[in-house]
Structure formats: structure tokens, C-alpha cells
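Structure first, commentary second.
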Amino acid sequence: MFLGWSVRALGLGCLLFAAGCGGNQPAAKGTESEVKQIGIVYMRYLGSHQGKSPANREELDKFLEKMSPADLKTMGIANAKDVFISSRDKSEIVVRYGIEVPPPGPGKPTVVAYEQKGVGGKHLVVYGTAGVEEITNAKLKELVPDVK
């Protein structure tokens with residue numbers, strides 16, 4: 001189990017390195033930025049807490065507060081409080097607290113956060129790998145049965 005998280009943490013480190021060293025790469029699309037940022041913060045939390053997800057918003061907020069300005073800048077976060085609001089649907093992003101996030105592997109991906117309302121019947125979601133995808137309402141209900 002610990003080895004799986006070590007590999008995940010290494011992969012996330014490579015992702016963050018690549019994100020910060022792109023030279024003339026275009027900025028992240030506005031429709032993905034907050035959801036992607038939440039995913040990266042969530043993955044960093046998992047990596048620093050032996051794979052245990054945050055129990056609630058307060059734990060994730062405290063974790064964000066402890067991050068250095070350089071780390072936040074690397075993730076494209078100017079204001080830690082703004083990261084919880086989707087620029088697409090203008091509502092708070094739903095973060096799935098207290099869930100088990102297994103190391104990457106075959107099977108259904110684990111959604112760690114998603115747009116509350118979505119746009120045009122579709123929601124941006126972020127998986128336990130920090131990958132972002134736009135999916136339909138039906139697919140969201142399949143992956144997150146307790147979606148509201």
C-alpha cells in the first residue's frame with residue numbers, strides 16, 4: 001500500500017514539475033483550472049497523509065494554508081479560497097471528503113471532486129490521478145452514486 005502511494009507521489013511530483021517548466025505552454029483552460037487545482041491539492045494531501053483523504057473542508061483549508069506561496073503559484077492558485085468555485089458554473093466545487101482513493105490501476109476511476117451544477121448537462125470531474133474530464137450527468141451518477 002505504501003509503495004503505491006510513493007509511486008503516486010513521485011508521479012504527482014513529475015506532473016507538477018512539468019506544469020511549472022513549460023516555457024511557452026498555454027495557460028490551463030479556464031474551464032478546467034479550478035477543478036484541476038482541487039485535484040492536485042487533494043493528491044498532495046493524500047501524499048502527505050499516507051493515502052488518507054481529508055475528512056472535511058476544514059482539513060483541506062488548513063492544508064492549503066500551510067502551503068508556501070511558491071507551491072500555490074506552481075499550481076496556478078492565486079487565492080486559495082477561489083479554488084473551490086468553478087468559473088464555469090459559478091458554484092462551489094463538490095469535494096468528496098473521507099473517501100478511499102486507491103492507487104491508480106484498472107477499474108473505475110475514483111472521482112475526488114466535481115462541478116456541482118455543470119454546464120449543458122455536463123460536469124467537469126477530477127479523478128484520483130488529478131486527471132480532469134467532462135462527463136454527462138448520467139456518467140457522474142454512475143461514478144458517484146451519492147451525487148446530489
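Worth pointing out:
- Pair list, Cβ < 9 Å and 6+ apart or interchain, from segment 83-95 residues that are under 16 Å from E59 (Cα atoms) to residues that are of a type in the set (D, E, K, R) and assigned to a strand (DSSP E or B): F84/E92
- Enumeration of residues in segment 85-98 that are crowded, with 16+ Cβ neighbours inside 10 Å and either assigned to a loop (DSSP other than H, G, I, E, B) or at pLDDT below 95 (or both): S86, R88, D89, I93, R96, Y97
Table: residues versus (1) within 21 Å of S33 (Cβ to Cβ); (2) surrounded by 14 or more Cβ atoms within 10 Å (Cβ to Cβ).
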position	(1), (2)
R44	yes, yes
K73	yes, no
G76	yes, yes
P104	no, yes
E115	yes, yes
L143	no, yes
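- Residues satisfying the stated conditions in segment 49-65, i.e. within 15 Å of V94 (Cα to Cα), outside any helix (DSSP H, G or I) and not hydroxyl-bearing (S, T, Y): P54, A55, N56
- Selection from segment 99-148 of residues that are outside any loop (DSSP other than H, G, I, E, B), of a type in the set (D, E, K, R) and over 21 Å from R44 (Cβ atoms): K122, E134, K139, K141, E142
The values are calculated or read from the model by the stated rules, or taken from the named source; none is laboratory data. If you're wondering where the values come from, they're calculated on a predicted model, not measured in any experiment. Please note: Cβ atoms are built from the backbone with ideal geometry, for glycine as well, and neighbour counts cover all protein chains shown.
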